[in-house]
Structures are given as C-alpha cells and as structure tokens.
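Structure, as structure tokens:
The values are calculated or read from the model by the stated rules, or taken from the named source; none is laboratory data. The structure displayed is predicted, hence computed values, not measured ones. No Cβ is skipped: glycine too gets one built from the backbone with ideal geometry, and neighbour counts run over all protein chains shown.
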Amino acid sequence: MSGPTLPRLGMGTAGLGNLYEPVSDDVARGTLEAAWAADIRYFDTAPHYGFGLAERRLGQALEELDRDGQAIVSTKVGRLLEPTNSLVRERHGFVDADPYEPVFDYSGDAVLRSHAESLRRLRRDRVDVLLAHDIGELTHGAYNERHMRAFLDGGYRAMRDLKEAGAVGAIGIGVNEIEVCLYLLERVELDVILLAGRYTLLDRRAGDELLPLCQERGVGVIVGGPYNSGILAQPTARQRDPHYDYDAPSTAILTRAATIERLCARHGVALGTAALQFPLRHPAVISVIPGLVGEVQVREAVERVEADIPEALWPELAGIAGDGEASPAGTRARLEPKLMLLDDSDDVFVCIAPITAGDRLAIDGTVFRAAEDIGVGHKVARRAIWPGAKIRKYGLPIGSATTTIAAGEWVHAHNMRSDYIPSHSRETVAQGQAR
C-alpha cells in the first residue's frame, strides 16, 4: 500500500473543539480563514474534539472557503457521540463543548454510523482520510482486548468497505502510542498512521523501529503533537504553565527542553521552528499537523515550516537523548488497576486500590486527578452525571444523583440518593478480583 499525498504542513483542530479553554466562534472562524489564506489545505479533526464542535466549525468554514474542493480532510472513528444533559462545563478536557458524551465503539456498525455523522457535521460527501482513533492499550488499559477484537472483527472491515466504495480516500489509525502501530501493521493493511507526540525533539522513540517499518511498507506517517502539548512551542522562559504530553513536565523534561533551546539559539533558530521541522526530516513522515488556534499561531506555523535551518544544528540535537523518561500519557495503562468496571453499562467504577488526592486516574482513555482520598470499594464516576440521572452499577440502577457529579469524582451518600438498591456489598469487588 502507499500513503496518501499530503502537504508538509497541515492543521490540527482539537483546539477548535475548546480543548482546555473555550474558543469563540469568531476566533475559530478567523483561525480557519487565516489558515486558508496561508495555503494550508490539510485539516485533521475528530468527533471527539468538542464532541462534534470542531467538525461543525470546520465544515461551516470549508463550505464557504473550499468552493473548488481543494481541502484535504481527515477525521476519525472509534467514539460514538450520545446526547447528554450534563451541566459540567469541562468534560474529557473540552470546555463548553457540544451536548454529547463520547462512547468508545470500534464495531463495524459504529464505524459506519460515526463516518455518516461526521459527514453531516463536516458538510461533505466524503473524507480523504479515515482513522481509527485511540485504539490500543495506552488508552484502554484492561479493556484493550475487547476494543481490539471489535475493531479487527468488524471496524477495520467497515473502513475497508468505505474506501473500496470511494467514500474514503485512505484509512489508518490515529494514536499516541507506538506499540499498537507495530501490532496492527502485522495484522492489517494501513495506508497511513497519525502518530501524536511520539516523534518530537523530546521523544524520538518512533524513529527506532516504527518509522523505518512504515517507510519499508509505504505507510505514510502524519506527525501530530510536534510541540508535545506546548512545551516546545515557545521559549521556555516565557512559559508560565508548561505542558508535556497533557501534563506538567518533570524537572528532567524541563531541563532537556532548555538544553535543546540553547543549542537552537546558537544556530539562530527558534525552539518552535526546530520542533516543527524535525519530524519532516524523516522520509516516512508525510505531514506535520500542529494544533492551531488564532491567526498568530497560523502565521507562526507557516513561518516556522518555511524557515531555513543550518544543517549543522541537527547533528548537535541528535546528541541529546529524546526518550529518557516515560511520558505521563504512557502511564495510563498502568493507572487502570486502581479502578474496576463491573458491567459495560455502568456509570461508575469501583475502587480496587486506595486512591490518594492528586493521584492520576485513567478513565475511558482520559486521565483525571483525584480531588480527594477514596477508599477501596467506593464508587468513582465514569462519566459526568447530572442531577436526577440514574446511576448504574452491576448493570442495574442503584440510585440517582442529587448534584452534578464530574467524571473521576467520588460518588457517595452526599451526591447520590440510594433509591433503587438500599445497600451494596463490597464482596463484589473481592469476587471480581478473584476472577
């Protein structure tokens, strides 16, 4: 197989889905208009980004800007959007997003439904690239086998059918772990892999095995997250709240970023410029797609990708280890054993190991920090639950919420009324562990 033809610079749209902070419709539209005026023609999006918001905004803009059909659009499958009445402003990292809750489903029927719903939001009759989103153990932990089976037994076949019917130009996966890429490359044919955060100045692990394998097999690689969540985007001294892989960076990461920045400065190159051009030096990489919000970020990205960089810089940067510590995202699978799901339909997990305030909890592919200590046997909200909504455990309703309960929050007597089953036995937890 051969990867699709894409421009060197594309645009990620997670930020237009209100990732971490709200973005007005005017700013979102201005961003897309600036990108179009700067000749950016490749846009990556997903139903997960603002639960449809990013796709809607992109579709509305391209309907007017792309009258000649020049735009290249990639979107994703793997999560279905179900209506929600939640009043929680921030859900799964998105603020003031559309009123839907993402539910993982990689089955064939779910892939077809997700694709059709994306086309409606995007106002297009086809997409150029369709990617299975966040498949793999990094996101799913103990539930990975179930999701992988659904994908291999049905979801992948549905994607192939869409491609063969001409509804999709190319198919692949969009992930931020290397292991699942290697796993799937041995089992199915992929046109493209969108890999986020794993081939950057700070994390070069994809260059060891994955990128050479993709080059050998003609699988195009799109690099997302070239700034590793922002730490490489701006001068380190100007960053008040730096992020590395969606979390606060360790001292080691901060030190390494500063060292890279000093080397770049010696050659008259800005840190962000080197970060954006680094992935493009590998022959397997066909495009890099920084997330952009605002006209300034669009202008910076274009200037950076076109800037001249002295060739002497790259050998010096190669001498700095780029993968010396596991990223916070890489800990998600190891966090999963603190929680157990008793039934697929449940709204709550059961705590099977003591949780201390500040601990990171992996919940359906998103990492949350515990706000308080939670003991073994207690319930933790799997998703946002609004006042009056039923709460399910063991696959049965056990009560209803008396207040809004955020995902990752302790569900207890002060925010839940036990009006279905008067009491619950913690013996179930022990029995579940024994199995």
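Which residue is nearest to the chain's Cα centre (by Cα), if the candidates are limited to the stretch 111-137 and must be farther than 21 Å from Asp191 by Cα and in contact (Cβ under 8 Å) with a residue 12 or more places away in the chain?
Taking the candidates together, the pick is Glu137.
Kindly provide the set of residues from the stretch 164-179 that are out of contact with any His (no Cβ under 9 Å at 6 or more places or on another chain) and either outside the structural domain of Asp44 (by TED's automatic domain parsing) or within 27 Å of Gly197 (Cβ to Cβ) (or both), ordered by number. Lay out the reasoning, then the answer.
First, pick out the residues of the stretch 164-179 that are out of contact with any His (no Cβ under 9 Å at 6 or more places or on another chain): 164-166, 169-172, 176-179.
Those that are out of contact with any His (no Cβ under 9 Å at 6 or more places or on another chain) and either outside the structural domain of Asp44 (by TED's automatic domain parsing) or within 27 Å of Gly197 (Cβ to Cβ) (or both): Gly169, Ala170, Ile171, Gly172, Asn176, Glu177, Ile178, Glu179.
Residue pairs, Cβ under 6 Å, 6 or more apart or interchain, first in the stretch 85-105 and among the polar types (S, T, N, Q), second surrounded by fewer than 18 Cβ atoms within 10 Å (Cβ to Cβ) and in a loop (DSSP other than H, G, I, E, B). List them.
Asn85/Trp386; Ser86/Trp386
Out of the stretch 161-173, which residues are among the charged types (D, E, K, R) and surrounded by 14 or more Cβ atoms within 10 Å (Cβ to Cβ)? Reasoning before the result, please.
We begin by selecting, within the stretch 161-173, every residue among the charged types (D, E, K, R); these are 161, 163-164.
If the condition is that a residue be among the charged types (D, E, K, R) and surrounded by 14 or more Cβ atoms within 10 Å (Cβ to Cβ), then Asp161, Lys163 are the ones that fit.
So if I check each of Ala158, Ala206, Ala150, Ala196, which one is under 30 Å from Arg382 (Cα atoms) and either of a type in the set (S, T, N, Q) or in contact with a Phe, Trp or Tyr (Cβ under 6 Å, 6 or more places away or on another chain) (or both)?
Details: Ala158 fails: either of a type in the set (S, T, N, Q) or in contact with a Phe, Trp or Tyr (Cβ under 6 Å, 6 or more places away or on another chain) (or both); Ala206 fails: under 30 Å from Arg382 (Cα atoms); Ala196 fails: either of a type in the set (S, T, N, Q) or in contact with a Phe, Trp or Tyr (Cβ under 6 Å, 6 or more places away or on another chain) (or both).
Criteria check complete, one pass: Ala150.
Quick check on my filter: what residues within the stretch 60-95 are more than 27 Å from Ile222 (Cα to Cα) and more than 18 Å from the chain's Cα centre (by Cα)?
Glu82, Pro83, Thr84, Asn85, Ser86, Leu87, Val88, Arg89
Identify the single condition in (1) at pLDDT 85 or above; (2) surrounded by fewer than 13 Cβ atoms within 10 Å (Cβ to Cβ) that Val376 does not satisfy, given that it satisfies every other one.
Of (1) at pLDDT 85 or above; (2) surrounded by fewer than 13 Cβ atoms within 10 Å (Cβ to Cβ), only one is false for Val376: (2).
Could you list, in sequence order, the residues of the stretch 63-106 that are assigned to a loop (DSSP other than H, G, I, E, B) and over 25 Å from Gly224 (Cβ atoms)? Walk me through it before giving the result.
Keep residues of the stretch 63-106 that are assigned to a loop (DSSP other than H, G, I, E, B), which gives 66-71, 78, 84-89, 92-93, 96-99, 105-106.
Matches in the stretch 63-106: Arg67, Asp68, Thr84, Asn85, Ser86, Leu87, Val88, Arg89, Pro99.
So in the stretch 285-336, with the set limited to residues that are at pLDDT below 95 and among the β-branched types (Val, Ile, Thr), which one is farthest from Ala274 (Cα to Cα)?
Looking at residues that are at pLDDT below 95 and among the β-branched types (Val, Ile, Thr), I get Thr331.
Inspect all residues belonging to the stretch 114-135 and state whether any of them is among the charged types (D, E, K, R) and at pLDDT below 95. First the steps, then the outcome.
So the first thing to find is which residues in the stretch 114-135 are among the charged types (D, E, K, R), and the list is 117, 120-121, 123-126, 128, 134.
If we keep only those that are at pLDDT below 95 too, we end up with none.
No.
Residues in the stretch 58-68: is at least one closer than 19 Å to Gly174 by Cβ and not hydrophobic (A, V, I, L, M, F, W, C)? Before you say what the answer is, go through the steps one by one.
Of all residues in the stretch 58-68, those closer than 19 Å to Gly174 by Cβ come to 58-59.
Pick out the ones that are also not hydrophobic (A, V, I, L, M, F, W, C) and you get 59.
Yes, some residue in the stretch 58-68 is closer than 19 Å to Gly174 by Cβ and not hydrophobic (A, V, I, L, M, F, W, C).
Taking the stretch 150-184, which residues are under 21 Å from the mean Cα position of the chain (by Cα) and part of a helix (DSSP H, G or I)?
Ala150, Phe151, Leu152, Gly155, Tyr156, Met159, Glu179, Val180, Cys181, Leu182, Tyr183, Leu184
Before we move on, is Thr255 in the same structural domain as Glu303 (by TED's automatic domain parsing) and either under 20 Å from the mean Cα position of the chain (by Cα) or exposed (fewer than 14 other Cβ atoms within 10 Å of the Cβ) (or both)?
Here the answer is yes, as Thr255 does meet what is asked.
In the set Leu195, Leu201, which member is out of contact with any strand residue (DSSP E or B) (no Cβ under 9 Å at 6 or more places or on another chain), crowded, with 24+ Cβ neighbours inside 10 Å and not small (Gly, Ala, Ser)?
Working: Leu195 fails: out of contact with any strand residue (DSSP E or B) (no Cβ under 9 Å at 6 or more places or on another chain).
That would be Leu201, the only listed residue that is out of contact with any strand residue (DSSP E or B) (no Cβ under 9 Å at 6 or more places or on another chain), crowded, with 24+ Cβ neighbours inside 10 Å and not small (Gly, Ala, Ser).
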